[in-house]
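S.K.: Can you keep this structure in mind? I'll have questions shortly.
The numbers here are math on the coordinates, done by the rules we state, and not lab data. These numbers were taken from a predicted model, which means no experiment stands behind them. Every residue, glycine among them, receives a Cβ derived from its backbone with ideal geometry; neighbour counts consider all protein chains shown.
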Amino acid sequence: QFLEGNDNDRALGYFLKAGEKAAKIYAHSEASTYFQSALSLLKEMESDPQQRGYVLEELGDAKEALGDHDASMKHWSEALLLRKKLDEKEKVARVHRKIANVLFYVMDDKEKAEEHCQEALKILEALPESVELASLYSDWAWMQWYVGDLDTARSSAQKAIELAEKMNAQDIVAHSYTRLGVIVRSRDAKKAIEYHEKALKIALDNNCLEVAATAYNGLALSLPVRKWREPLEKGYELARKIGHIWYQARIGNNLAWVMMSAGNIEKGLLFSEEQLALARRAGHLSNISLALGRVSYAYLILGEWEKSEQYIGESWNIAEKSKDFQRMENCMISFGWLCLQREEYAKAVEWFERLSSLLERAGAEKDFLMLQFASWLISAYIELGEIDKANNQIDILRKLTLETADEVFTAITNTLKAMVLRAQKKWD
């Protein structure tokens, strides 16, 4: 109404209020429309550069939430220039951090992403301690986890938690705890569960819904597969409610895995294909690779091995090119599975042993992660007649099974031992 009455100042004020309210309730499309209208008005008016920088950054945030990465980068880059001219140091660092995240996860330019992170770090460490510095430590931890530098990732997440608690930034405390849970999961599943549960409580108590969705996903993956469904379903519905495309696709793919593990292969395949389409539209490479892996597994179980190989090959190409440690791990397991089905046992062993080397180089605990793929490696050893190697792995598995008290792994370990004894014709 004010716009039609040529009262641009008051119209601008209401567009900004509307955009802020929409962003707060995760109505990203509406927020984008309101901030775009505000920006158009600012171009017609003699606007305050500080206000223009604010609108550009908010518009970039809304566009990124909608998966429009090119638009978000354009608006953030303009905001960065304005912030620099105004010498708004902390805000400059914040925009650097946001740009770094898109460069790292979407555009696969990790070198450029690190440059932006280092620029932000240089600015923030010269200023008094801040919430923004805690956010940067948390984001840096996540990036290092992606490339497999688990020690740096853990240290950065702990720094983020310590600083965020000091600044009473509960959203960053919760986010950093759930990231720390993922980082330590390969070494200490019980500690991972503790961190995720702590993150979830803090997030729900403080209405940090995006972080809560993240925590539900992390908690599920720290539990045995049979316990994944409930936290994943809660996380998935939350991600859909707030319009968080990245976590909708990520959690959706994990739900597809639950369906397949329960024997609902066709349903899981259809659900994975939906998540793949969503991830492709958003341009999230890690989620594309994950979804391709899930689809590949479904075709493997259905006996369509050529299709399975095609999808896992595409997943591997993305993971290897982007140096995504987590997806490379999954691809190696999938290639090993496929080789087992084809009775190419030597190739299966090769893939599983490559995985062990990858985990060792990353500083992960190979022995603990052996729980995830030991049964296939041992099966291949048995088929190749390498009984000593099979027994050695079973001993490792049995020790870890006792430590985790997981009845599923107890059953698997006993089955594998029976397979070895059968191969030795020790029937009793």
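S.K.: In whole Hz, what ³J(HN,Hα) sequence does the stretch 320-337 give by Karplus (6.51, -1.76, 1.60; θ = phi - 60°), x for Gly and Pro?
M.R.: In residue order, the calculated couplings are 5, 5, 8, 6, 7, 3, 5, 6, 4, 4, 4, 5, 4, 4, 5, 4, x, 4 Hz.
S.K.: Here's another thing I want to ask about it. With angles folded into 0 to 90 degrees, how steeply does helix 8-24 sit against the dominant principal axis of the chain? Use alpha carbons for both and round to 10.
M.R.: Taking Cα atoms only, the helix is inclined about 20 degrees.
S.K.: Still on this structure: At 0.36 nm per residue, and after removing the present C-alpha to C-alpha distance, how many nm does the segment from D70 to K191 gain when stretched out fully?
M.R.: On the way: separation 121, 0.36 × 121 = 43.56 nm, distance 3.87 nm.
Taking D70 through K191 to full extension adds about 39.7 nm, to one decimal.
S.K.: Same structure, new question: For the stretch 209-330, take N as its residue count and report Rg(C-alpha) divided by 2.2 N^0.38 Å.
M.R.: 1.00
S.K.: Per the Kirkwood treatment, what hydrodynamic radius in Å, one decimal, follows for the chain from the mean inverse distance over all distinct Cα pairs? Working shown, then result.
M.R.: Numbers: mean 1/r = 0.0428 Å⁻¹.
When all Cα pairs of the chain are included, the Kirkwood radius is 23.4 Å.
S.K.: Calculate, in nm to one decimal, what Q310 and R240 gain on full extension: separation in residues at 0.36 nm each, minus their alpha carbon distance. Walk me through the intermediate numbers first.
M.R.: Values: separation 70, 0.36 × 70 = 25.20 nm, distance 2.99 nm.
Separation in residues times 0.36 nm, less the Cα-Cα distance, equals 22.2 nm.
S.K.: Roughly how large, in nm² to one decimal, is the mean projection of the convex hull of the alpha-carbon atoms in the stretch 99-237? All intermediate terms of the calculation are to be shown ahead of the outcome.
M.R.: Values: hull surface 33.7 nm².
Result: 8.4 nm².
S.K.: A follow-up question, please. Label 7 Å along Cα→Cβ of N8; the stretch 21-57 residues with amide nitrogen under 20 Å?
M.R.: Only 33-57 fall inside the zone, counting backbone N under 20 Å.
S.K.: Go ahead and run the numbers for FRET between E403 and S77, Cβ-Cβ distance against an R0 of 60 Å, rounding to 0.05.
M.R.: Working: r = 50 Å, r/R0 = 0.84.
The computed FRET efficiency comes out at 0.75.
S.K.: Excluding M259 itself, calculate the net charge of residues whose Cβ lies under 10 Å from the Cβ of M259, where each Lys or Arg counts +1 and each Asp or Glu counts -1. Can you show the working numbers first?
M.R.: Working: positive: R229, K267, R294; negative: E266.
Around M259, the surrounding residues sum to +2.
S.K.: Let me ask something else. Each label point is 7 Å from the Cα along the Cα-to-Cβ direction; what then is the distance between the points at K426 and E386, in nm?
M.R.: Using points 7 Å along Cα→Cβ, the separation is 2.0 nm.
S.K.: Okay, next question. Using the Cα atoms of the stretch 11-165 to build a convex hull, what is its mean projected area in square nanometres? The partial results should precede the final answer.
M.R.: Numbers: hull surface 37.9 nm².
Approximately 9.5 nm², given one-decimal rounding.
S.K.: Okay, moving on. So for the pair E266, S47, with labels modelled 7 Å out along Cα→Cβ, what separation do we get in nm?
M.R.: 5.4 nm
S.K.: Give, to the nearest whole percent, the P(r) tail of the stretch 277-428 beyond 23 angstrom, counting all Cα pairs.
M.R.: Numbers: 4759 of 11476 pairs.
So the pairs more than 23 Å apart make up 41 percent of the total in the stretch 277-428.
S.K.: Oh, and also: So what's the Cα pair-distance distribution over the stretch 1-99, bin width 5 Å, in %?
M.R.: Answer for the stretch 1-99: a P(r) of 2, 15, 25, 23, 20, 11, 3, 1 percent.
S.K.: Roughly how many nanometres apart are two label points built 7 Å out from the Cα toward the Cβ at R342 and Q1?
M.R.: Placing both labels 7 Å along Cα→Cβ, they lie 7.0 nm apart.
S.K.: Right, another one. Relative to the present Cα-Cα distance, how much length would full extension add between N168 and Q118 at 0.36 nm per residue of separation? Can you show the working numbers first?
M.R.: On the way: separation 50, 0.36 × 50 = 18.00 nm, distance 2.46 nm.
Fully extending the segment from N168 to Q118 adds 15.5 nm.
S.K.: Before anything else, pin down the relative contact order of the stretch 294-343: Cα pairs under 8 Å, at least 6 apart, normalised by residue count, whole percent. Write down the numbers at each step before the final one.
M.R.: Working: 34 pairs, mean separation 16.5, N = 50.
So the answer I get is 33 percent.
S.K.: Rounded to whole Å, give me the distance from the Cα center of the stretch 1-67 to that of the stretch 132-164.
M.R.: 32 Å
S.K.: What does the net charge come to around K63 if you take all other residues with beta carbon closer than 9 Å to its beta carbon, with K and R at +1 and D and E at -1? All intermediate terms of the calculation are to be shown ahead of the outcome.
M.R.: Details: positive: K74; negative: D61, E64, D68, D70.
After counting each charged neighbour, the total is -3.
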